[in-house]
Amino acid sequence: MSILSLTPSHPLTLHSHAHFSPSPFPMSILRRLNLNFTNHRHSLRRRFATVSAAVRQDTTVWTPLPLSEIEPAAESLFHIAIDVSDAPDLATSHTRAGQYLQLKVADSPKPSFLAIASPPKLAIKRGVFEFLVKSVAGSTAEALCALKKGDVVELSQVMGNGFDISRIEPPEEFGTVIVFATGSGISPIRSLIESGFGAGKRSDVRLYYGARNLQRMAYQDRFKDWESSGVKIVPVLSQPDDSWTGESGFVQAAFTRAKEISNPLSTGAVLCGQKQMTEEVTSILVADGVSAEKILKNF
């Protein structure tokens, strides 16, 4: 019988054995093998897509430039100036207060985003970008604050749209502008005030500036000039000493206590600092009738 099964008189028997021999593996194993192969293929596709996207998006142009000044500005804060006189295109690309850029330090793992503290006109007049940098342990900012005059860093192109002051102009129609800043968030606010935004033509311009204590409050030496330009400074300390007689707590609480918005429709605001502060101040202002379109942020 075994010989008959291989003869031409039984072709179906031969055909059946050739194409339907059982697999040596159970179906459950085959399914798992197929699933693992499919997942691996999808994983490779995702990795390739991520790498491709990174290559496409990494169009940052880096310019090596020297530090021209570095000195303490307050406790844990440093005033840093970078000479951009040899990079005129970079210097002139700073056109609006509130813009920022990336900065790289040699051997630092990743760049740091920094708002430009100096007004745009300073880069054109003196060829310098100034920054207020908070030194945070283990960060690029800490490495930057440890450098010396003459050391070279790398700057990206200027980024962001900054504070769009045209949304609260002309000054005669938006007489009230309330400015809020906390910590190193005062950096782009300095740029705004020293750029000039018609503060002297407005009836009520206030800056609520929050810090832990006076030792951590930068730019106190500029307050007099800022006030002479038409900006009333309201320092707010969250942990003052016993001799402090000014506002205490958080800036949003200090503003809530004062309020004094005569006409919400002619009021604008500028915010920079901690996320919680910007969110709470925005909610307070909108609840008081200030248009969200008139609340300016730089990020």
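Within the range 144-159, at least one residue is within 17 Å of Ala73 (Cβ to Cβ), in the same structural domain as Leu103 (by the TED database) and open to solvent by less than 30 Å² (accessible area, probe 1.4 Å). Contact map, the range 206-226: residues that are not assigned by the TED database to the domain that holds Ala254 and at pLDDT 95 or above paired with residues that are part of a loop (DSSP other than H, G, I, E, B) and surrounded by 15 or more Cβ atoms within 10 Å (Cβ to Cβ), Cβ distance under 7 Å, separation 6+ or inter-chain. No pairs are found. On inspection, Glu169 fails the criterion of being within 15 Å of Val270 (Cα to Cα), in contact (Cβ under 8 Å) with a residue 12 or more places away in the chain, open to solvent by 20 Å² or more (accessible area, probe 1.4 Å) and in contact with a Pro (Cβ under 6 Å, 6 or more places away or on another chain).
Please verify whether Ile233 is modelled with pLDDT under 95 and not in a helix (DSSP H, G or I), treating the condition exactly as stated. No. So which residues in the range 119-143 are among the hydroxyl-bearing types (Ser, Thr, Tyr) and surrounded by fewer than 18 Cβ atoms within 10 Å (Cβ to Cβ), if there are any at all? Selection gives Ser135, Ser139.
Scanning the range 186-230 for residues that are under 20 Å from Phe78 (Cβ atoms), open to solvent by less than 10 Å² (accessible area, probe 1.4 Å) and assigned to a helix (DSSP H, G or I) yields Ile186, Ser187, Pro188, Ile189, Arg190, Ser191.
The numbered conditions (1) of a type in the set (A, V, I, L, M); (2) farther than 15 Å from Ala74 by Cβ; (3) in contact (Cβ under 8 Å) with a residue 40 or more places away in the chain are all true for Val234 except (3). Counting the residues of the range 236-273 that are part of a loop (DSSP other than H, G, I, E, B) and touching a Gly at 6+ places or on another chain (Cβ under 7 Å) gives 3.
The values are calculated or read from the model by the stated rules, or taken from the named source; none is laboratory data. Given the structure is predicted, the values throughout are model-derived calculations rather than measurements. Quick reminder, even Gly has a Cβ in these numbers, built from the backbone with ideal geometry, and neighbours come from all protein chains shown. Ligands, DNA and RNA are excluded from the accessible area calculation, which covers all protein heavy atoms including side chains. Shrake-Rupley method; radii C 1.70, N 1.55, O 1.52, S 1.80 Å.
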